[in-house]
Each structure stands twice: as structure tokens, then as C-alpha cells.
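Undergrad: Attaching a single structure in C-alpha cells format; questions to follow.
Values in this text are rule-based calculations from the coordinates and carry no lab data. Everything numeric here is computed off the predicted structure, so don't read it as measured data. Positions of Cβ are backbone-derived with ideal geometry, glycine not excepted, and every protein chain shown enters the neighbour counts.
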Amino acid sequence: MAIYEGSFTDTTSLKIGIVIARFNDLITTKLLSGCLDCLKRHGVDISESSNNLDIVWVPGSLELPIAAKSIIKKSKYDVLITLGAVIKGDTSHYDVVVSEASKGITKVSYENNIPIIFGVLTTDTIQQALERSGIKNNLGWNYALQAIEMGSLIKSLN
Ligand code: INI
């Protein structure tokens, strides 16, 4: 019997890409800082000279899939993290943005056999988004943990 699971300790060779939306950047920059804090505390080199981490900025969550697809072509990543914030509020096309972003990200992940963490907050209000990006908890931290786990797991299975 073989049991496979991700490792949280052997991160030094993990190559990670982060694709982040600028829309609602009050929230997404907080997700990014939580994410980077977690990666750093788990041994990932997050310095500007790092060869193991790249960050790509896009206008909004709808653009996350195409940027993920493009960055994968440019370099070999073990895992990608997509960060965005879609807040219902007055936005009538909330459902379209959430649905297309999630479908697109899943498609890119399956087609390229690379885990892509769906770090897009989907909330009814800005208050909920603030609570999930720092005021109460910073889900950016969780997304980074999930990335480490999935990146190392899929690497070990390939
Ligand atoms: N993009 C987001 O990331 N979050 C949102 O809440 C949002 N709303 O509300 O519209 C949003 N829209 C922009 C969209 O992602 C694209 O960038 C834009 O439509 C251009 O293609």
C-alpha cells in the first residue's frame, strides 16, 4: 500500500506562481500579504531575487485564468495561487465573474496538470471580505498552505 500526501516541510524546491487581481485591491493586497507571510514561514524564498516565486497582476478576477495559462507556458511551476475578491454589493454581473473565473481556473488546472488554488473571495459585502482578508482571519494564509500541500503532493505523484 502506498499513501501519498503533501509535505509542509520540504518547500525549498517548490516553484510557485501567484496570479492576483487588482480589482478590490484593498482586499487582494491583504490576501497577498497573508499568502507571502505563510510561504515565508514555511521556508519559501519570497525575496525579490527569488527564482521560486513569481507574481503576476491582472485587472480583475475574470483575467485570472488567461494569465494563469500564460505563466504556465513561460515557466514550469509546481503550483499556482490565484487571488481575487468578488463582492456582490451592487454588482449585477457578480455571478458571471465568479462562475467564469472559477470555471476558467479549473480548466487551466486540469489541462496543464498543475494544481491551481482558487483564492478568490466571493462575498455579499465588503465587510465580509475585510473579515476574511485580515480583520478576523486572513484566508491568504490558508491559500498558501493549500498551495504548499498540493504543490508537493502533485510533484511527488508525477
Ligand atoms: N473583478 C473582480 O475581481 N471583482 C469584482 O467584484 C468585480 N466586479 O464586481 O465587477 C470584477 N470585475 C472586473 C472583471 O473581473 C474584469 O476585470 C473586467 O470585466 C474586464 O474584463
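Undergrad: Considering each of 56, 98, 120 in turn, give the residue that is closer than 15 Å to residue 15 by Cβ and in contact (Cβ under 8 Å) with a residue 12 or more places away in the chain.
TA: Just one listed residue meets the conditions, 56.
Undergrad: Do we find a residue being away from the ligand (no atom under 13 Å from the Cβ), over 11 Å from the mean Cα position of the chain (by Cα) and within 18 Å of residue 55 (Cβ to Cβ) anywhere in region 108-117?
TA: yes
Undergrad: Could I ask something else about it? Would you point out which residue out of 33, 61 is within 28 Å of residue 127 (Cβ to Cβ) and touching a strand residue (DSSP E or B) at 6+ places or on another chain (Cβ under 6 Å)?
TA: Just one listed residue meets the conditions, 61.
Undergrad: Oh, and also: Counting only residues that are buried (at least 16 other Cβ atoms within 10 Å of the Cβ) and hydrophobic (A, V, I, L, M, F, W, C), give me the helices (runs of 4 or more DSSP H) lying completely in region 82-158 with at least 3 of them.
TA: Helices (runs of 4 or more DSSP H) meeting the threshold: 94-112, 139-157.
Undergrad: Quick one: which of 75, 92 is under 30 Å from residue 10 (Cβ atoms) and among the small types (Gly, Ala, Ser)?
TA: 75
Undergrad: For region 1-30, which positions are of a type in the set (Val, Ile, Thr) and either within 12 Å of the ligand (Cβ to nearest atom) or not in a loop (DSSP other than H, G, I, E, B) (or both)?
TA: 16, 18, 19, 20, 27, 28, 29, listed by residue number.
Table: residues versus (1) within 18 Å of residue 140 (Cα to Cα); (2) in contact with a Ser or Thr (Cβ under 8 Å, 6 or more places away or on another chain); (3) of a type in the set (D, E, K, R); (4) crowded, with 21+ Cβ neighbours inside 10 Å.
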residue	(1), (2), (3), (4)
1	no, no, no, no
4	no, yes, no, no
15	yes, yes, yes, no
30	yes, yes, yes, yes
39	yes, yes, no, yes
46	yes, no, no, no
49	no, no, no, no
54	yes, yes, yes, no
57	yes, no, no, no
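Undergrad: Another question, then. If you take the residues of region 80-106 that are farther than 17 Å from residue 129 by Cβ and among the β-branched types (Val, Ile, Thr), which of them is nearest to the ligand (Cβ to nearest atom)?
TA: So, considering only residues that are farther than 17 Å from residue 129 by Cβ and among the β-branched types (Val, Ile, Thr), the one nearest to the ligand (Cβ to nearest atom) is 96.
Undergrad: I would also like to ask the following. Can you work out which of the residues in region 45-79 that are outside any helix (DSSP H, G or I) and among the hydroxyl-bearing types (Ser, Thr, Tyr) is nearest to the ligand (Cβ to nearest atom)?
TA: 77
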